[in-house]
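Right, one structure below, let's go through it.
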Amino acid sequence: MNATAPQDNQAEAPLEVFRQAVEQSALAISITDAKARILYANPAFQRVTGYKRDEVLGHNESLLSYRVTPKIVYETMWSQLLRQRAWNGLLVNKRKDGSRYLADLTITPVVDEQGQTSHYLGMHRDVTEVHRLERQVQNQKTLIESVVDAAQVAIVVLDENERVVLDNQEYKKLIGDLGREPARTVLDALRGSGLDLDPVRRSFAPRELTFARQGGEARWFACGGTWIEELDSSADAFYEPRRRQYLLLTIQDITPLKEQQEAIRVNGLSALLAEQERIGSLREALAGAVFQLEGPFNMIAAAVRMLERRGESGTDSLVEGLVQALRAGNEALEALRRCIPASAAEAPQAVDINAVLRDVLRLATPRLLADGVVVEWQPAEELPPVRGRLTQLAALFKQVVDNALDAIHEVRGQRRELKVSSALFSDRIEVRVEDSGPGVPESLRLKAFQPFFTTKGANGRHIGMGLTVAQDVVNAHGGFIDIEAAGDGLGQTGCRVRVQFPLGE
Ligand code: FAD
């Protein structure tokens, strides 16, 4: 007997261990009969539910039900259990004190030797806090998504492989303008602008980018980026936290703002040129008056010299009178010359000739439309900047274009065309302004640059200084200007003004 006793103890020991394990388990464990009447409940069950063991023994587990769990949940539970399958789910339970908690419950049928369910083993834990946190995270996510979605700026979050992990409605709207994945277009453009995105991992202030649209105006965007870090939430990074980096890209359409700025700039330029034109006209009028008066004064001076040479008696008082008149006249001429306003000083800068031509055409738009002129604008793809005075150059091309439009206006009943082009040669930049007007006869092409030469009639508006001033500007920039026949391009008539600027070192 003594020899068998230890064996019995060994056989019984695991059962006792099971019992102790169940008793000491942190999970609320209960065992019921086949009708869910509680036969056993462990201390954790008492702690979670608030019921003492003897208060629940013999009662159905429904004692814990708060009656808000949908009927379908119980029906599913029981249909599983009746097929002798374990069931797991979430139930809203009520403690003895009436407070509620969310129970994560697993029920396992215990099947006897006859294959009948004799008991159920129930194990549950209070997951109210976990649920609360999950909901909180979900709510915050929803809130963030709504805020991001409602933002008037396109927002996109990219992972380390530049895959989109979050975007908003405004971002989706960009697909039409920037292609299927706008972020890729923007990142390429940012890199193209010299931004080193990869190794720096530093946030960058919004940069202005422009994208040409097929058949439409260019669009402008301000694109900024913020790197955000997140702890890797995967299981294998639990003990070895890893950081993941995301790029939050904001893309704001600033096209309307740019267009507004552009309109203000062009209006400013227009006002400046108008003011220069006004001063120029004043200069021309005064210079013209001086020029016109110089003739008679020269004649008087010649008469005085002649009378003095002859030395005839009786003419002294006449000579004296003429000399006085000449002196007074020269003083008046000098006073008139002092009234000629000086041209405004302007610092030289790097000037994009294409941009100047574009501005001049923009300023001429109302006239082009009113006269039904078809414009052919052929800018060189790339032009090096010309060192020069911006406003003077703008005034130069405005003068040439205005002349072309005046000429086009003269000829009625034929196609009205203006062709403006720029080209880059090895030694120079050349701008051509061609019109379909009557042209300038070869004999007058040099004269056209002389002061006060005009073919436009003496209507007071044209006194023939436009091309003279234009030539002065070209000369001041070391360039060359001439007039030739428009040639094949715009018919037999027509005029082509060529302006050339030498390329710098
Ligand atoms: P009930 O009338 O009890 O049952 C609702 C539906 O379930 C009925 O329409 C019926 O079709 C089906 N059903 C109920 N009992 C049986 C049965 N014995 N055999 C076949 N079908 C049946 N419920 C909780 O709310 N909280 C708990 O923590 C909880 N723990 C449980 C632990 C165990 C081990 C078991 C076996 C059940 C547990 N239950 C628990 C379920 C509980 O017994 C009740 O079924 C439930 O609370 C619904 O109670 P009721 O009075 O609203 O409806």
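The values are calculated or read from the model by the stated rules, or taken from the named source; none is laboratory data. The structure presented is a predicted model; accordingly, all values stated were derived computationally and were not measured. Methodologically, a virtual Cβ is constructed for each residue, glycine included, from the backbone with ideal geometry; neighbour enumeration extends over all protein chains shown. These area figures cover heavy atoms from the full protein model, side chains too; ligands, DNA and RNA do not enter into them. Shrake-Rupley method; radii C 1.70, N 1.55, O 1.52, S 1.80 Å.
Treating only the Cβ atoms of Lys and Arg (+1) and Asp and Glu (-1) as charged, compute the dipole magnitude of the chain about its Cα centre; round to the nearest 20 debye.
1080 debye
At a probe size of 1.4 Å, how large is the accessible area of LEU272, to the nearest 10 Å²?
About 80 Å², rounded to the nearest 10.
Let me make sure I get this right: for the chain, a, b and c are the square roots of the gyration tensor eigenvalues over alpha carbons, sorted descending. Under 1.5 in a/c it's rounded, otherwise prolate if a/b > b/c, else oblate. Which is it?
Judged from the Cα gyration tensor, the chain comes out prolate (a/c at least 1.5, a/b above b/c).
In straight Cα distance, which lysines are under 29 Å from LYS96, not counting same-chain residues fewer than 8 positions off?
List returned: LYS35, LYS52, LYS71.
Which of the aspartates and glutamates could a cross-linker bridge to LYS447, judged by Cα under 12 Å and excluding same-chain residues fewer than eight apart?
Within the straight-line cut-off, LYS447 pairs with ASP482.
I'd like the orientation of helix 466-476 relative to the chain: the angle between its Cα long axis and the longest Cα principal axis, in ° from 0 to 90, rounded to 10.
Computed tilt is about 70 degrees.
Given the options PRO70, ASN139, TRP227, identify the residue whose Cα lies farthest towards the positive end of the charge dipole of the chain (+1 on Cβ of Lys, Arg; -1 on Cβ of Asp, Glu).
My answer, from the dipole projection, is PRO70.
With an 8 Å Cα cut-off and a minimum separation of 6 or more residues, compute the relative contact order for the chain in percent.
Contact order relative to length: 7 percent.
Local charge sum around THR391 (other residues, Cβ-Cβ under 13 Å, Lys/Arg +1, Asp/Glu -1)?
-1
Within segment 100-204, which GluC sites (Glu not before Pro) sit in a loop by DSSP and count at most 14 neighbouring Cβ atoms inside 10 Å?
Counting only loop positions with at most 14 other Cβ atoms within 10 Å, the GluC sites (Glu not before Pro) in segment 100-204 are GLU113, GLU160, GLU162.
Tell me which of PHE449, LEU174, PHE425 sits at the most positive position along the dipole axis of the chain, charges placed on C-beta atoms (Lys, Arg +1; Asp, Glu -1).
Most positive-ward Cα: LEU174.
Within the chain, which is the longest segment that contains none of the chymotrypsin sites (Phe, Trp or Tyr not before Pro) sitting in a DSSP loop with at most 16 other Cβ atoms within 10 Å?
240-424
Express the accessible area of segment 260-339 per residue in Å², computed with a 1.4 Å probe while the remaining protein chains stay in the model.
68 Å²
Give the angle, between 0 and 90 degrees and rounded to the nearest 10, that separates the Cα long axis of helix 71-82 from the longest principal axis of the Cα atoms of the chain.
Helix 71-82 sits roughly 50 degrees off the main axis of the chain.
Taking amide H positions as placed in the peptide plane 1.01 Å from N, state which residues far from ARG428 in sequence (5 or more) or on other chains have amide H under 5 Å from it.
LEU503
Treating only the Cβ of Lys, Arg, Asp and Glu as charged (+1, +1, -1, -1), what charge dipole size does segment 165-211 show about its Cα centre? Round to the nearest 20 debye.
80 debye
With charges set only on the Cβ (+1 for Lys and Arg, -1 for Asp and Glu), what does the dipole of segment 261-405 come to about its Cα centre, in debye to the nearest 20?
Magnitude of the dipole: close to 180 debye.
How far is helix 128-150 tilted off the main Cα axis of the chain, in degrees rounded to 10, range 0 to 90?
20 degrees
Can you check what the net charge comes to around VAL351, using other residues whose Cβ is under 9 Å from the Cβ of VAL351 (Lys, Arg +1; Asp, Glu -1)?
+1
Does segment 12-127 come out rounded, prolate or oblate, given a ≥ b ≥ c as the square roots of the eigenvalues of its C-alpha gyration tensor, rounded meaning a/c under 1.5 and, failing that, prolate meaning a/b above b/c?
The shape class here is oblate.
Whenever you get a sec, compute what percent of the accessible area on the chain sits on carbon and sulfur atoms (1.4 Å probe).
Reported share for carbon and sulfur atoms: 54 percent.
Would you mind computing, in nm to one decimal, how far apart the modelled labels at THR210 and LEU248 are, each placed 7 Å from Cα along Cα→Cβ?
That separation, rounded to one decimal, is 3.0 nm.
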